[in-house]
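The values are calculated or read from the model by the stated rules, or taken from the named source; none is laboratory data. Because the structure is predicted, anything quoted here is derived from the model rather than measured. No Cβ is skipped: glycine too gets one built from the backbone with ideal geometry, and neighbour counts run over all protein chains shown. To get the accessible areas, we keep the full protein, side chains included, count just its heavy atoms, and leave off ligands, DNA and RNA. Shrake-Rupley method; radii C 1.70, N 1.55, O 1.52, S 1.80 Å.
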Amino acid sequence: MATSERGEVTVTLDGADYSLRPTFEACSKIEELTGKSLLELAIAAQDNALHLKEQAIIVTECVRAYGKAEGIASLIGVQATKFGELIFKAGVLGITPRLEILLAGAVTGGFNPEEGEDAGEPQAATEEANAVA
């Protein structure tokens, strides 16, 4: 289940709910595959100008990130082509508002790990790493 404090949103496609988690890894892959920055994609979402392929990539990478974090193997191997077909079937304008929320959170630092969860602190910032240096 998506957690809004973590920057996650849920999209419903073909009657199934998918949690999208905007991790650094997912967002980096989205930028790589679309050739656009997160800010460009967020603006496009706000303007209802995201391409179908871009929507499929965003959904796919964030679903994979959710699956990886939650240990759900069936979500780790999802394919953008399949999500593209589901988005097309649902209508691209139906999912755009959810992606707008997701991308706005990603560009403003909306992902907050839960207490006790590894926040991904850079190694050089830890006491242990500083002691080695």
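Taking only pairs six or more apart or across chains, which ones have beta-carbon atoms under 9 Å, a first residue in the range 3-18 that is hydroxyl-bearing (Ser, Thr, Tyr), and a second residue that is modelled with pLDDT of 85 or more and in a loop (DSSP other than H, G, I, E, B)?
Filtered contacts from the range 3-18: THR3/ARG21; TYR18/VAL78.
Pairs please, first residue from the range 76-89 and more than 17 Å from ALA65 (Cα to Cα), second anywhere and open to solvent by 50 Å² or more (accessible area, probe 1.4 Å), Cβ atoms under 8 Å, 6+ apart in sequence or on different chains.
If the second residue must be open to solvent by 50 Å² or more (accessible area, probe 1.4 Å), the pairs left are GLY84/LEU52; GLY84/LYS53; LEU86/ASP14; ILE87/LEU52; PHE88/LEU52; LYS89/ASP14.
What is the residue count in the range 92-110 for residues that are open to solvent by less than 70 Å² (accessible area, probe 1.4 Å) and either touching a Pro at 6+ places or on another chain (Cβ under 6 Å) or part of a helix (DSSP H, G or I) (or both)?
Result for the range 92-110: 13.
Filter the range 35-53 for residues that are in a helix (DSSP H, G or I) and open to solvent by 70 Å² or more (accessible area, probe 1.4 Å); which is nearest to THR96 (Cα to Cα)? Steps first, please.
So in the range 35-53, the residues in a helix (DSSP H, G or I) come out as 38-46, 52-53.
With the extra rule that they be open to solvent by 70 Å² or more (accessible area, probe 1.4 Å), the set shrinks to 39-40, 43, 46, 53.
Values: LEU39: 15, GLU40: 14, ILE43: 11, GLN46: 8, LYS53: 12 Å.
Looking at residues that are in a helix (DSSP H, G or I) and open to solvent by 70 Å² or more (accessible area, probe 1.4 Å), I get GLN46.
Scan the range 4-24 for residues that are surrounded by fewer than 18 Cβ atoms within 10 Å (Cβ to Cβ) and under 9 Å from the mean Cα position of the chain (by Cα) and report the count.
Qualifying residue count for the region: 1.
Please state which one of GLU128, GLU32 is open to solvent by 90 Å² or more (accessible area, probe 1.4 Å), part of a helix (DSSP H, G or I), modelled with pLDDT of 95 or more and farther than 16 Å from LEU13 by Cβ.
Sole residue among the options that is open to solvent by 90 Å² or more (accessible area, probe 1.4 Å), part of a helix (DSSP H, G or I), modelled with pLDDT of 95 or more and farther than 16 Å from LEU13 by Cβ: GLU32.
Counting just the residues of the range 70-91 that are more than 13 Å from ILE58 (Cα to Cα) and hydrophobic (A, V, I, L, M, F, W, C), which one comes out surrounded by the fewest Cβ atoms within 10 Å (Cβ to Cβ)?
Among those residues, the one meeting the criterion is ALA73.
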